[in-house]
Number of protein chains: 4
Amino acid sequence: MKITPPDPGSASWKRRAYSVIFESDTRAGRAFDIMLLVAICFSVLAVMLESVRPIDARYGPILRAVEWFMTGLFIIEYLLRLLVVRRPLAYALSWLGIIDFLAIVPTLASLLSVGSRNLIVIRTLRLLRVFRIFKLGQFVGEGEFILTALKASRYKILVFLTAVLTLVVVIGTLMYVVEGGQNGFTSIPKSIYWAIVTLTTVGYGDISPVTVLGQTLASVLMILGYAIIAVPTGIVSAQMATPARPAAPAFKQVICHVCQATEHRPEAEYCWHCGEKL
Amino acid sequence: MKITPPDPGSASWKRRAYSVIFESDTRAGRAFDIMLLVAICFSVLAVMLESVRPIDARYGPILRAVEWFMTGLFIIEYLLRLLVVRRPLAYALSWLGIIDFLAIVPTLASLLSVGSRNLIVIRTLRLLRVFRIFKLGQFVGEGEFILTALKASRYKILVFLTAVLTLVVVIGTLMYVVEGGQNGFTSIPKSIYWAIVTLTTVGYGDISPVTVLGQTLASVLMILGYAIIAVPTGIVSAQMATPARPAAPAFKQVICHVCQATEHRPEAEYCWHCGEKL
Amino acid sequence: MKITPPDPGSASWKRRAYSVIFESDTRAGRAFDIMLLVAICFSVLAVMLESVRPIDARYGPILRAVEWFMTGLFIIEYLLRLLVVRRPLAYALSWLGIIDFLAIVPTLASLLSVGSRNLIVIRTLRLLRVFRIFKLGQFVGEGEFILTALKASRYKILVFLTAVLTLVVVIGTLMYVVEGGQNGFTSIPKSIYWAIVTLTTVGYGDISPVTVLGQTLASVLMILGYAIIAVPTGIVSAQMATPARPAAPAFKQVICHVCQATEHRPEAEYCWHCGEKL
Amino acid sequence: MKITPPDPGSASWKRRAYSVIFESDTRAGRAFDIMLLVAICFSVLAVMLESVRPIDARYGPILRAVEWFMTGLFIIEYLLRLLVVRRPLAYALSWLGIIDFLAIVPTLASLLSVGSRNLIVIRTLRLLRVFRIFKLGQFVGEGEFILTALKASRYKILVFLTAVLTLVVVIGTLMYVVEGGQNGFTSIPKSIYWAIVTLTTVGYGDISPVTVLGQTLASVLMILGYAIIAVPTGIVSAQMATPARPAAPAFKQVICHVCQATEHRPEAEYCWHCGEKL
């Protein structure tokens, strides 16, 4: 279901509000988007700083005030969106609508003091709303370009990920058998965790092989990880380098019977060279 | 040796079973493949969870029951495959056949209580059977695309790996001489292990250079590792970006009977060389 | 504002000095550039070595002498640049002029003993002057090629970075909730720092997940980080593989005075639409 | 100076030996190359294992025997090469000649008991001789392909490395000022070492930022490192994807005056459509 503008016959303030809130081709629309961006950043920053104990001890009340103020704005915004859209339910159930709703839920829920700690995660989901802003100017095409390339590569990437996961499970199990519990490889899931840390070249070093055989296996896994990064990279590069589709051949397959000129525009009726009727 | 369908004259249940088990273009065939996928994932999950001591202590019997049940299914499946295929031996000795067989061996071997610990690795090899599923729908072409690109790049990647290994051995030895045993570089193989950890940008930190000269050498190695990742990536990207094959040369497979000229345009009626009717 | 050569009517030594100092197509110009390169490297090396306590204890006076000597040269150079350029203010306020000025500020400021410690950073900014040298020979085109590709990709990279930052904030917060303070994830900013360390595959290991859920989340993040490196790489590869620019649109900049048709072939003499002489 | 075959008038054993030792298009030449490959691997393996104390304690004499045997072979090989080549001095002073010579020097030098420890590095340089083998079969073109792409990209890569080094020096110094000695950033060179470890995404964790500002700076550096890996990768990918040179347009720019057919083969004398003389 597409988000649809209000009925053309509806009140003019409604149509105007729709264009400001949902669109960004007017000056007011762009200003609204930028304000929204700033509000999102501030509210997420407040969430982040609240979690730092010394900052919370000193500026806690201010941060909570910012949080409430921003949530107030988001509530007004959400209600407005519901009001001006032609089919409010369709909007409320769309991806964008759900994300907009999630932006106001956690603060409201904290009034009822329900699981406020776990709700911080939902609060940061507000950041997803930033992608709304990519409607602005040059970003539309660029974001779509990346998404299109990823979408076109999705099966290839899925095959690649399956291969990586299989590799990681098999080598993880192998390392569990080779290194054993006393070197940190206490279970197969933990060994698989280590294999992922190694293959992706993250390499925390919280678990690392100690035996000669283990270090040899690890070396093989590292070189594999180093080399097969080429696969997803190659897939996406090749996808992005492929032109969308070559334009249809730009010429009319006709030769002027007077001057033998070719390469006329497809819709040409007269020869570009001698002016004769084609 | 290709896996071949049963004789067309054989019992109709055989031909039907073959199409369900080995093919995936019927609805039943697809359902079978998906069931198999689920069974594989469950049995590997059971193996993994069994290795976690607290889980094994509580749910051990359940996990082993799952394992036995799944193995039972795999045995039935394996026997069915042997039964319906035209040449059972050819199947049993093919790659797929061996992997199917390995899926049932470890559990059976545990009855005789032989080296069950080392057999866990073989159990996880069941995961390789997941790739069977890639016969399904869109995946065939995609998996093949990746394999073809890797195959076409294999000599280039081999040259690259040889260069990397040489580099790693030479710099590893250099670090062994520079840093010496007291900083963790206790032997050349260990130093080479460190060089691989560094060049592939894994960087555990279990061994890291301490002397100034060592850190300088390590910096060079890191920047090298950071830059030469471009080589395999470039190889695979270029390979994948290359169109499959230029269209077959656009020539008519005909030789002029007068002048023996070849390479005529596909729709040519006269020889381009002597003007004779083709 | 472009840096402009001195008035053609000005003293000949001025015009000669300009060509030596600002240009590099004469032999003297190139020699000057290379001397400058050497001076920059020496002065930055002196700054670096001064910070190593044992070296400073022994060679401190020598290093400071080098520093003063180089700064002397840079002052003379800066004054000369101001002198020979046609509009000294335009030069002084240009990027290059500011960097040239920054090269002499810190040493002079140390005379007044103001915050000499923080000024070391500014001293190393001298290195930026190295890019002047890229005017030399083959480097012009190459550096420009890289910059052009990056510039053309800037919106795509910005979209990508926004996605990465959102991901890192959301997963960082999730880990803060999952792991909690006792495992090092003491605040959301610190968890985000960890998420960046992990996603970029740096993996220090100063903070690493301990709980099973945390390690699972970390695994997902690592594989994401490993796979999405393909996105910027693909963007830049595709950009660089794209030929400079498709030939200018092959149309004549003329409108038919009869039928107003545009888009005529460059060599057209008659309108393709109405046959009128163009 | 090219390595040249012996005078055609010279003894036939000489010409035969040359073809076996220096070339690889005969069966004997290929066998010799493979033997050499095996000998190199064994001798380097012996060097590596000798450095492992427990192995050296038990198998030391065997390893040294292998070493002496291999060196004996290499001496014979080197003398043979000198003997059969037309201009021995040209060979001895060529890259390959020097590497061949370095393969025998360290063992001989150990007779005089000179600095045997440092000579291990030279011993492993024998590995470089492996690249001789790439004369074999398919590898010639592949190795050359990689080298050509890297050579064509060398100025771009140099510009990139200069930018990376500048970045690393400036951020390293900044971190030295921000974090200070007590957190491990004891000097600018050490901070630069840390910056390289971080930018290249190696991330040992032997030094890692502790202050908030330091961790913020480190995050920026990591994301930079993660993103700019796209630059060398893009450079090499684009280089490798570029076809050698597109073939010349395959058609004659002529129209048959009888049937108006176009697209004749470049050397066509008669129309492919109506057979008329063009």
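For B:Thr4, the amide hydrogen comes within under 5 Å of the amide hydrogens of B:Arg86, B:Arg87, counting only partners 5 or more places away or on other chains and with H modelled in the peptide plane. Using C-alpha pairs below 8 Å separated by at least 6 residues, the relative contact order for chain D is 12 percent.
Starting from the stretch C:128-217, pick out the GluC sites (Glu not before Pro) whose DSSP state is loop and whose Cβ has at most 12 other Cβ atoms within 10 Å. Don't skip to the end; give the middle numbers.
On the way: sites: C:Glu142, C:Glu144, C:Glu179; in loops: none.
Sites meeting the loop and neighbour criteria: none at all.
Restricting the calculation to Cα atoms, every distinct pair contributes to the Kirkwood radius of the stretch C:142-241, found to be 14.6 Å.
Using the Kirkwood radius over C-alpha pairs as Rh, can you work out the diffusion coefficient of the stretch A:83-221 via Stokes-Einstein at 20 °C, viscosity 1.002 mPa s, in µm² per second? Mind showing how you got there, number by number?
Numbers: Rh = 19.5 Å.
The Stokes-Einstein estimate is 110 µm²/s.
As an exercise, use a Förster radius of 60 Å and the Cβ-Cβ distance of B:Ile75 and C:Glu269 to find the FRET efficiency, rounded to the nearest 0.05. For B:Ile75 and C:Glu269, the calculated efficiency is 0.10.
Just so you know, the averaged projected area of the alpha carbon convex hull for chain C sits at 26.5 nm². Projecting label points 7 angstrom from Cα along Cα→Cβ for D:Leu83 and B:Ala31 puts them 7.9 nm apart. Summed over both chains, the contact between C and A buries some 5000 Å² of accessible surface at a probe radius of 1.4 Å.
What separates the A:Arg58 label point from its copies, with the point 7 Å along Cα to Cβ, is 4.5, 4.5, 6.3 nm, written shortest first.
Peptide D:162-169 shows a mean partner chain C-beta count of 5 within 10 Å per residue C-beta. With 31 Å as the limit on Cα-Cα distance, the pairs of C:Lys277/D:Lys277; C:Lys190/D:Lys190; C:Lys156/D:Lys151; A:Lys190/C:Lys156 that go past it are C:Lys277/D:Lys277; A:Lys190/C:Lys156. Among the DSSP helices (H) of chain C, those spanning at least 27 angstrom by Cα along their long axis with an average Kyte-Doolittle hydropathy of -1.0 or more are C:27-50, C:53-84, C:154-179; this is a geometric and hydropathy rule only. When +1 charges are put on Lys and Arg Cβ atoms and -1 charges on Asp and Glu Cβ atoms, the dipole computed for chain B relative to its Cα centre reaches about 720 debye. The distance between label points at C:Leu161 and D:Arg15 comes to 6.8 nm (points 7 Å beyond Cα on the Cα→Cβ vector).
Quick one: compute the contact order of the stretch A:142-241, relative version, from alpha carbon pairs under 8 angstrom and 6+ residues apart, as a percent.
Averaging sequence separation for qualifying contacts and normalising by length gives 32 percent for the stretch A:142-241.
Annotation: per residue accessible area for the stretch D:1-125 equals 58 Å², rounded to a whole number [probe 1.4 Å, protein chains only].
Short to long, the 10 Å bins of the Cα pair-distance histogram for the protein assembly as shown hold 2, 7, 12, 17, 20, 17, 13, 8, 3, 1, 0 percent of all pairs.
Averaged over the residues of B:209-220, the number of partner chain Cβ atoms lying within 10 Å of the residue Cβ comes to 3. Taking 4.7 Å between beta carbons as the limit, the unpaired Cys residues of chain B are B:Cys41. Could you give each residue of the stretch D:107-112 its phi-based ³J(HN,Hα) in whole Hz, using Karplus coefficients 6.51, -1.76, 1.60 with θ = phi - 60°, and x for Gly or Pro? Values per residue, Gly and Pro as x: 5, 4, 4, 5, 4, 8 Hz. Projecting 7 Å from Cα along the Cα-to-Cβ direction, the label point of B:Leu161 sits 2.6, 2.7, 3.7 nm from its equivalents in the other copies, listed shortest first. Comment: the Cα-to-Cβ extended label point of A:Glu276, at 7 Å, lies 1.3, 2.3, 3.6 nm from its counterparts in the other copies, nearest first.
Can you give me the C-alpha center-to-center distance between the stretch D:159-185 and the stretch D:188-208, rounded to a whole angstrom? The distance from the Cα centre of the stretch D:159-185 to that of the stretch D:188-208 comes to 9 Å. The radius of gyration of the Cα set in the stretch C:12-135, together with its Dmax, comes out at 15.3, 50 angstrom.
Applying 1/(1 + (r/R0)^6) with R0 = 60 Å to the Cβ-Cβ distance of B:Asp7 and B:Val258, what FRET efficiency is obtained, to the nearest 0.05? Let's see the in-between values first.
Details: r = 53 Å, r/R0 = 0.88.
Calculated value: 0.70.
Reported to the nearest whole Å, the Cα centre-to-centre distance from the stretch C:57-95 to the stretch A:45-98 is 53.
The values are calculated or read from the model by the stated rules, or taken from the named source; none is laboratory data. These numbers come from a predicted model, not from an experiment. All Cβ positions, even for glycine, are placed from backbone atoms using ideal geometry, and neighbour counts span all protein chains on display. Note: accessible area is taken over every heavy atom of the protein model, side chains too, but ligands, DNA and RNA are not part of it. Shrake-Rupley method; radii C 1.70, N 1.55, O 1.52, S 1.80 Å.
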